[in-house]
Amino acid sequence: MAAARVVRHVLGTDVVGGYLHGSAVLGGLRPHSDVDVFAVVRRRTSEGERRALVEGLLEISGEKARLGPARPVELTVVVQDDIRPWRYPPRREFQYGEWLRDAYERGETPSPAPDPDLAPLITMVLLGDTALFGPPPADVLDPVPTADLRRALAAGVPDLLAELELDTRNVVLTLARIWTTLETGLVQPKDAAADWALARLPAEHRPVLARARAGYLGQQDEHWDDLLPRLRPYAEYVAGVIDRTANGSPSAPAPAPPQAPGADPA
C-alpha cells in the first residue's frame, strides 16, 4: 500500500507497525471512502520528517494527487510511549487528510498535539485487527476504556458542527455514527450507523441523513442546495442527543419507522 510505503520510507526502522482501519475493514470501502492508516512509531518525529510525510502523501492521495487521481488517504501517526500505557487525552504525532491539503500545499507542517479522537481511532484499529506490516495491533496498543471512548466521542462534536457546511456528507454521517456508538457500544460502518439512526430520527431530520448515506454509497450524486435549511437543525438535534447520551441520559424514544434507508424523502 502506497501510504504504508511513504511511512516506512520516511521513518524507516523506527516504525513499529502500520494498521488499516475504518471502512476498509469494517464492511468494505465505499465509493467515497478514505483509506485509513494508523502508524505506531518508537520515537518523536522531527519537523522535517513530518514535512516529508506530507510531501509523500500529497503525491498519492485524493483527486488532486500529484501522481494522478487516487483514493484519498487519512494517515495518523502516534508514538507508542504516548498511547501505551493508555492515558487521556492521548497525543497525536502526525495527521494527514485531504481536508488539510490546501494548508499543507501552502507549506504548513502539522505539529504533535493532544487528540481525543485517537480514542475511537485506536478502538477501530483493534477491532479491525489488520496489520499492513508489523505485529498485530493488540500487541502494540492498549484497549481504550469505555468511559474515555464515550467522552472522546462527545468531545469531537463541536469541531464537526463547525465543519458542517465544508464537509457536509462526512459530518452528517459521523454524527450519526457517534450517536450509534454511544447507544449501542458498537463501532459500525457509516452506512450501517446511518441505518440505525434513521430508524430513530424524527421525520423532519431523516432526509438529511438519507441523502448523506446515499451519496456515501454512490447511489446518487451529492447535492445539498434543496436541503440547506435542514442541515443545521439535523446536526443540532443529533448533537443534543449525543450530549444527553454521553452524560447518561436516555435519548428520545424511536419515532415511527422511516422510509427505506436508500430513499430520499421530501
Helix 146-155: inclination vs the chain longest Cα principal axis, degrees, rounded to 10, gives 80
The answer for the chain, accessible area per residue at 1.4 Å probe in Å², is 44
Using alpha carbon centers only, region 90-126 is separated from region 49-73 by a whole-angstrom value of 15
The percentage of the accessible area of the chain (probe 1.4 Å, all protein chains present) made up of carbon and sulfur atoms, to the nearest whole number, is 52
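The values are calculated or read from the model by the stated rules, or taken from the named source; none is laboratory data. Predicted model, so just to flag it, every value in this text is computed and none were measured. Accessible surface is based on the protein model in full, side chains and every heavy atom, while ligands, DNA and RNA are left aside. Shrake-Rupley method; radii C 1.70, N 1.55, O 1.52, S 1.80 Å.
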